[in-house]
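Have a look at the structure below, then the notes.
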Amino acid sequence: MLTGLVFDKRFALHEMGPDHIESPRRTIAINEVLTTRLKGTYFPVETRPATEDELSLIHLPSYISFMKETAGQGYFPFDAETIAGPRTYEIACLAAGAGLVATELILTGEIDNAFALVRPPGHHAESERPMGFCFFNNLAITAEYLRRFKGIKRILIIDWDLHHGNGTQKAFYSSREVLYISLHQSPLFPGTGSASETGEKDGLGFNLNLPLRAGKTDDDYLAIFRQVITPVARAYQPEFILVSAGFDILKGDPLGRMELTPRGCGWLTDLILDLARSLCSGRLIYFLEGGYNLKELKDGVEETVLSLAGRPEPERSIPETPLSPPLLGELSPALKIFKHYWPVIPDR
Ligand SMILES: [Zn+2]
């Protein structure tokens, strides 16, 4: 597999103040992995700024203009934690372009799949406002670009970030051309993402939320992927898969209390890669969202990239674990709702 990594050192130029947890150090840490441990395993891809027309696939022109006016100015706090610095607009445009560049290379066959290792992240950004460290919704812009310009009519989005991707959910809430599936710690920011949020109108049943209590492990996530996400994905038959990859699910993240390991992220990626290969010719783009423990972030990115590149090692064979009775008990209200729309989910 040839995996394209869309990365740019300029992603470190966006900063929201000296003590902010979503810091340029994240980009610097990723650069370190790309230039050492991962060297030679991927195809480097240059990003380009998304145009205002491309941003407006998801965002209102009035919000885009407002963001543009923050360029070159002092810090502008949209809220306590989402602050535009002097270069935020410029860098957020570069982040939003990463998925578009990857899309073109995948559709022309130059690469097999891609990881957009961007900052700022995107999945909380809504059409008219930034939120939760996110300014433009990088993944949603790519999804809408695929629908509008590439004739792709079934896009599966898997959002494994610790937090619910309210912005992505909202963008496609009434569409069946996008199936959004999110797993997230609950209760937690942003407060959305209950299992009863299943979409509306044509999109009813095409928005699946799995709120999870803290403390979930690799085995828990793998069981959920195998038992719930895989059968739904096979029934949906996506033409393209997009993933919001947040490494704030790793044990030791300062914002979360999940307990996954970097290897676990590799295993999840092995499963997603299998789905992409069997359902949509391998067409798959990952987007970096959260992940704030820099050591874990580096290790998580490393394992994920190795899996995307299809380099399983012998010891990488994925543990086969069933849904444990306590996990099944916790999930059963959500599964009951899901089964109404997706009867393929197995009975237990
Ligand atoms: Zn997050």
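Read the figures in this text as sums done on the coordinates, not as results from a lab. Here the structure is a predicted model, which is why all the values come from computation and not from measurement. FYI the Cβ positions are ideal-geometry reconstructions off the backbone, even for glycines, and counts take in every protein chain you see.
At a glance:
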| read-out | value |
| --- | --- |
| Value at 222 nm in deg cm²/dmol, rounded to 500, when DSSP H runs of n ≥ 4 in the chain each add -39,500 (n - 2.57) | -11500 deg cm²/dmol |
| Segment 17-61-segment 264-331 distance, computed between alpha-carbon centres (Å) | 20 Å |
| 0 to 90° range, to nearest 10: angle between helix 294-308 axis and the chain longest Cα axis | 60 degrees |
| Highest to lowest packing among 177-186, 269-278, 114-123, scored as the average C-beta count within 10 Å | 114-123, 177-186, 269-278 |
| Fewest-first ranking of PHE206, PHE43, using other Cβ atoms within 10 Å as the exposure measure | PHE43, PHE206 |
| Efficiency of FRET between ARG311 and ALA235 - r from beta-carbon atoms, R0 25 angstrom, step 0.05 | 0.25 |
| Taking THR70, THR108 and counting other C-beta atoms within 10 Å, the order from fewest to most | THR108, THR70 |
| Point-charge dipole on Cβ atoms (K/R +1, D/E -1) for segment 119-249, about Cα centre, debye to 20 | 360 debye |
| Shape box of the chain [Cα atoms, principal axes, largest first, Å] | 58, 46, 40 |
| Positive minus negative residues near THR192 (Lys, Arg vs Asp, Glu; Cβ under 11 Å) | -1 |
| Sequence-distant residues sharing a close amide H with GLY205 (under 5 Å, placed H) | GLY199 |
| 25 Å Cα-Cα threshold exceeded, pairs from LYS39/LYS153; LYS68/LYS201; LYS170/LYS201 | LYS39/LYS153; LYS68/LYS201 |
| Student exercise, segment 127-203 dipole from Lys, Arg, Asp, Glu Cβ charges, in Debye to nearest 20 | 320 debye |
| Residue order, fewest to most surrounding Cβ atoms within 10 angstrom, among HIS163, HIS14, HIS340 | HIS340, HIS14, HIS163 |
| For segment 170-176, 3J(HN,Hα) per residue [Karplus equation, 6.51 cos²θ - 1.76 cosθ + 1.60, θ = phi - 60°, Hz, x = Gly/Pro] | 5, 4, 10, 5, 10, 10, 8 |
| Charge dipole magnitude, Cβ of K and R +1, D and E -1 - the chain, Cα centre, debye nearest 20 | 460 debye |
